[in-house]
Structures are given as C-alpha cells and as structure tokens.
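Trainee: Please see the structure below; I have some questions.
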Amino acid sequence: MSEKDEVLRQISEIKHHLVDKKSFFPYNYNACHVWSLIAVVLTFVMIPSYENSVILGTLVNTLLIVIGFIVEGVLTKKVNKSYDLDDCTRRQSFVMKNFIMISLFAIVFSMVLAMMKLYLLIFLLWLFLISLGYLSVGFILNIKAYERVAIFNVLSSVALLGYGAYFGLLESRGTFLSVVQGMVILGLAVLPTLVALQQQKVEKSNKACGV
Amino acid sequence: MFDPFIHQPVRSKLLSLLIANDELPFKALKELLKVTDGNLSSHLSKLEKEKYVLIEKLFEGKRPKTVVHITPKGQEAFALYIEALRKFIEEN
C-alpha cells in the first residue's frame, strides 16, 4: 500500500467516527418493539378512554408513555452496563430528551384536542411529532431507514391532514378515521419494528463476523 | 511528517472515538476497536506516555473500571495530525 493510500484509508476511518457520526451509541432495539406495542395499544384505547373522560384519556396516555420510557431506560441501562458505562452517553441523552419533550407536548395538545372531540387530529399529531423524533434519531445514528420512515410518516400526516380539512372529514368517526389509525399503526408500529429487526440482524451479523 | 503516536490505524481510530465522545470506558473502546485487552493497553500506554490520553482507574463497588479521557494536548495533536493529512493529500 502506498503512503497516499495509507493516508486516504486513515482519513476514511477518522471520517467514519467524526463526520459520519458513526460513534458510540449503544442501543437495545427491543425498546423499539415495546414502543410499537404501545403505539398499537394507544391507537385502540385512546378514543374510548377520552370518551369516558378527558382526564382518564390523558392519564392512560401518560401512563403508557411513562411505561415506554421506563422500559427504554432499563434496557439502555442494561446495554450501557455491558460497556461499563454508568451514565447515558451524550447522544443517548439527547435522543431521550427529544422524545420526552415531544411526548409532553403531544400529551397536553391531545388533551386540548380531546376536549374539542377532534380525535382524528390527535392521531395525526402523534404521527407527525413522533416521526420528527425518528428523523433526529435516524440522523444521529446514521440509520437511513429511520429517516425514510420518518419522512414517509411526516408526509402522510400532512397529506391526511390536508385531505381531511379539504373534505371536512376532521371530525369523522368513519372510514377516514380508520384510515388514519391504520396509518398510525403502519408508521409508528409496523415500520419502526421492521427497521429495528433489520438493525438487530445487522448487529448480530457484525458480532458474528467480529466487525 | 506525521505524528508517529497517532499515525497508526488503531490509535487514530481510538483518538477519533475519544474526540467524538470525550471519554469512554476501556471495555467500550475494546468492543468498538475490536482489539484484545493487551493490544488496547499497549496502544493506550503509548498515548498516555505522550500525555494524549488520561487513564483513570476507578472502583465501582468492588469491580475495577478503567475510563479513558482525551487530554487538551491529545486534542491539539489530533488537530495537527488532521492538518498534516490534509496537507499531504493536497501535495500528492
């Protein structure tokens, strides 16, 4: 290998760690499956619980999200322990804070929308905001699939919002609501689970190859 | 021309990781660099001798733990190394 090749190789390695953000981010992708499950449960229980009372709906919403964060915290702590890390890394902390702030805003905003019985907008709000979170995760972890899912979800939520507003379907309890719920399940449960499974497969094969 | 303590694949990767993360436990570095304990220790002691990294030995309960930090001198040397790489590519 010539000296120039050697230098180029060194630059490429350094670039991987510094520019491509291929730096340290221990993550247990099982947390993604838990979030997918929570998304499915919330999609089905949200309207009945809000209809019972807005306070009950908000409590159910908050409880499920808190459970998600607790599970995520426990799994992250476990994976960090395997690397001798006591605290979160800066990136982990950023991602966590990002989702906590998004969730807090979404919970309060959902409460306001539930008071006005605009349930359909609650689903679009969560689809849009959580996907923005996924967009930042995809960028920080350099996982293009997360970015693609996020962009797909954001565009879908905007398109559904526009369609619903144009045809006066935002208070709909019929087919259009089912379509929106279906999109939430697809965008916040099915697709993230598929990406997580793919990532788990990549991690497994990297370990097997000793990469 | 190039800093011999950095111009080595494992050590340059090691310093890149420390620049990106400020500090990392020995175990995490070993996993990320895919090297043996002995190999990593040998690279770290070279960098420590030059005061590019600071190796802190701690106890977590009864379990020993080693954390590696990059020093300001290490950061400066790394910046100069990147500059040297850039210059080399420009001239060749």
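Trainee: Collect the residues in the stretch B:23-65 that are modelled with pLDDT under 90, under 24 Å from residue B:3 (Cα atoms) and among the acidic types (Asp, Glu), keeping them in residue-number order.
Mentor: B:23
Trainee: I'd like the residue in the stretch B:28-39 that is under 18 Å from residue A:17 (Cα atoms) and assigned to a helix (DSSP H, G or I) and, out of all such residues, is nearest to the other protein chains (Cβ to nearest Cβ).
Mentor: My answer is B:28.
Trainee: Check whether at least one residue in the stretch B:49-65 is surrounded by 15 or more Cβ atoms within 10 Å (Cβ to Cβ), in contact (Cβ under 8 Å) with a residue 40 or more places away in the chain and in contact with a Pro (Cβ under 7 Å, 6 or more places away or on another chain), and report yes or no.
Mentor: Yes: the stretch B:49-65 contains one or more residues that are surrounded by 15 or more Cβ atoms within 10 Å (Cβ to Cβ), in contact (Cβ under 8 Å) with a residue 40 or more places away in the chain and in contact with a Pro (Cβ under 7 Å, 6 or more places away or on another chain).
Trainee: Only one of A:83, A:50 is of a type outside the set (Lys, Arg) and at pLDDT 95 or above. Can you tell me which?
Mentor: Just a single option satisfies the conditions, and that option is A:50.
Trainee: Given A:162, A:138, A:174, A:133, which one is at pLDDT below 95 and out of contact with any helix residue (DSSP H, G or I) (no Cβ under 9 Å at 6 or more places or on another chain)?
Mentor: A:174 is the lone residue from the list that is at pLDDT below 95 and out of contact with any helix residue (DSSP H, G or I) (no Cβ under 9 Å at 6 or more places or on another chain).
Trainee: Can you name the residue in the stretch B:40-57 that is away from every other protein chain (no Cβ under 14 Å) and either within 21 Å of residue A:203 (Cα to Cα) or part of a strand (DSSP E or B) (or both) and, of all such residues, is nearest to the chain's Cα centre (by Cα)?
Mentor: B:53
Trainee: How many residues are out of contact with any Leu (no Cβ under 8 Å at 6 or more places or on another chain) and farther than 23 Å from residue A:109 by Cα if we restrict to the stretch A:146-166?
Mentor: Count: 1.
Trainee: Please state which of the following conditions residue B:16 fails to meet, knowing it meets all the rest: (1) surrounded by 12 or more Cβ atoms within 10 Å (Cβ to Cβ); (2) farther than 18 Å from residue A:6 by Cα.
Mentor: Only one criterion is unmet by residue B:16, namely (2).
Trainee: Could you check how many residues of the stretch B:1-19 are hydrophobic (A, V, I, L, M, F, W, C) and more than 13 Å from residue B:69 (Cβ to Cβ)?
Mentor: Here is the first cut: in the stretch B:1-19, the ones hydrophobic (A, V, I, L, M, F, W, C) are B:1-2, B:5-6, B:10, B:14-15, B:17-19.
If we keep only those that are more than 13 Å from residue B:69 (Cβ to Cβ) too, we end up with B:1-2, B:5-6, B:10.
Within the stretch B:1-19, residues that are hydrophobic (A, V, I, L, M, F, W, C) and more than 13 Å from residue B:69 (Cβ to Cβ) number 5.
Trainee: Same structure, new question: Let me confirm something: among A:140, A:65, A:130, A:107, which residue is under 30 Å from residue B:66 (Cα atoms), in contact (Cβ under 8 Å) with a residue 12 or more places away in the chain and not polar (S, T, N, Q)?
Mentor: Answer to the check: A:140.
Trainee: Residue B:2 fails exactly one of the following numbered conditions: (1) within 12 Å of chain A (Cβ to nearest Cβ); (2) closer than 24 Å to residue A:25 by Cβ; (3) surrounded by 17 or more Cβ atoms within 10 Å (Cβ to Cβ). What is the number of that condition?
Mentor: Tallying (1) within 12 Å of chain A (Cβ to nearest Cβ); (2) closer than 24 Å to residue A:25 by Cβ; (3) surrounded by 17 or more Cβ atoms within 10 Å (Cβ to Cβ), residue B:2 fails exactly one: (2).
Trainee: Also, I was wondering about something else. Please work out which residue is farthest from residue A:2 (Cα to Cα), limiting yourself to the stretch B:70-88 and to residues that are touching a residue at least 40 places away in the same chain (Cβ under 8 Å), within 13 Å of chain A (Cβ to nearest Cβ) and of a type in the set (A, V, I, L, M, F, W, C).
Mentor: B:70
Trainee: Which residue out of A:23, A:93 is within 30 Å of residue B:67 (Cβ to Cβ), within 14 Å of chain B (Cβ to nearest Cβ), at pLDDT below 95 and buried (at least 19 other Cβ atoms within 10 Å of the Cβ)?
Mentor: Only one candidate qualifies: A:23.
Trainee: Do we find that residue A:77 is within 14 Å of another protein chain (Cβ to nearest Cβ), closer than 29 Å to residue B:18 by Cα, without any contact (Cβ under 8 Å) to a residue 12 or more places away in the chain and touching a Cys at 6+ places or on another chain (Cβ under 9 Å) in this structure?
Mentor: yes
The values are calculated or read from the model by the stated rules, or taken from the named source; none is laboratory data. Since this is a predicted model, take the numbers as computed values, not measurements. Note that we place each Cβ from the backbone using ideal geometry, even for glycine, and neighbour counts take in every protein chain shown.
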